[in-house]
Amino acid sequence: MTIETRVSPGALPLDYYLLLDRPDGPAERAEAVVVEEFLRAPDCWTVGLGSALWTPAAGWRSSTSFSQAMRAAPEVRARVRPVARDAADRIHRRLGGGPLPDESVLRSHLHDRQVFPAAAPLRLGDTPPLDGCHERRVYRVLFAGELPADRMAGLAARWRPGGDPSGDGMPAGHGSFGDDRFSWTMRRVGGGVAWAVDLTVELARAADDAVGPVLHELTSTVRLAGLIPVTTERFS
C-alpha cells in the first residue's frame, strides 16, 4: 500500500451505504442512500458520528437511530451495503434524486450527531518508539459484520502484494509517509464477535497530519470489503 499517494489535505471523504429492499438483495433494488461522517479528536480517535438517510419520498433527513441500528441489529445490517460514492450517486439518480450533492452540501444534512463517550487513551505497555521517531501510537478500528474468506484474501493481497499475511494468517501491511512508519493487521476481537484493524504509528516528523488519512484509507478499504466501521480507539 502506497501511503504517500493517498494523503491529501482538507476534510476526509464521507462514507456511503445503500439500504437494500431485502437482505443481501441486489444494489439495483436499493431503496435509500445513507451518508456518514466520523468526527475525530485532534489525535484522530473518534468522538462522534453524523448520519443522513435519503429516500425518494422524504428526501434527506438526519438519522443517528438508523446509524446505530445498522451496527447493532443484524437484521438491519443485512440490508445495508457499503459502497463508494459513484455507486451511491448512481442509485440516487435511479431513484429520481438526480446527481448526488457535493460533500459540503451533504454535510449540511448531518444535524443530529451521535456523541461518543470521551476517554483518555489506554496505555498498553511502555514500548518505546523506533530509532529516529519521537512518538509511538496504537489505534484500533472496530467493525461490525462478517467478512467472507475471499474478501479476507483480497485484503491480504491488497495490503501486502505477493507477500504473506501476519503470523496468525490475518491480512496485514505496512507503509510510510516521509519518515513516519505505519504497520497494521486485522484481527478478531471480543471473543470473535467483531473485527478490528490495529494500526501502529511511529512518528518521526513533527506533524501528525498523515495519521487521519491513513486511518481513513484503512477503514475505507475494510468498509468496501463489506464490514461497517463502529469506532476508532487510541491505545497509546
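A short reminder: the numbers here are calculations on the coordinates, not readings from a lab. This structure is a prediction, so every number in the text was calculated from the model and none was measured. Note: ideal-geometry Cβ built from the backbone for every residue, glycine included; neighbour counts use all protein chains shown.
Just a few scattered comments:
- With the alpha-carbon atoms of region 85-218 aligned to their principal axes, the span from lowest to highest coordinate is 56, 36, 32 Å, starting with the largest.
- Shape category assigned to the chain from the gyration tensor of Cα positions, a/c cut at 1.5: prolate
- Largest-first ellipsoid semi-axes for region 35-91, taking √(5λ) over the Cα gyration tensor eigenvalues, angstrom: 21, 15, 13
- Residues in region 19-57 that a label on Arg151 would reach, taking backbone N under 16 Å of a point 7 Å out along Cα→Cβ: 19-20, 23-28
- Residue among Val214, Val189, Val35 with the largest mean-square fluctuation in a Gaussian network model of the chain, springs linking Cα atoms under 10 Å: Val189
- Axial C-alpha extent at least 30 Å, average Kyte-Doolittle at least 1.6 - helices from the chain (DSSP): none
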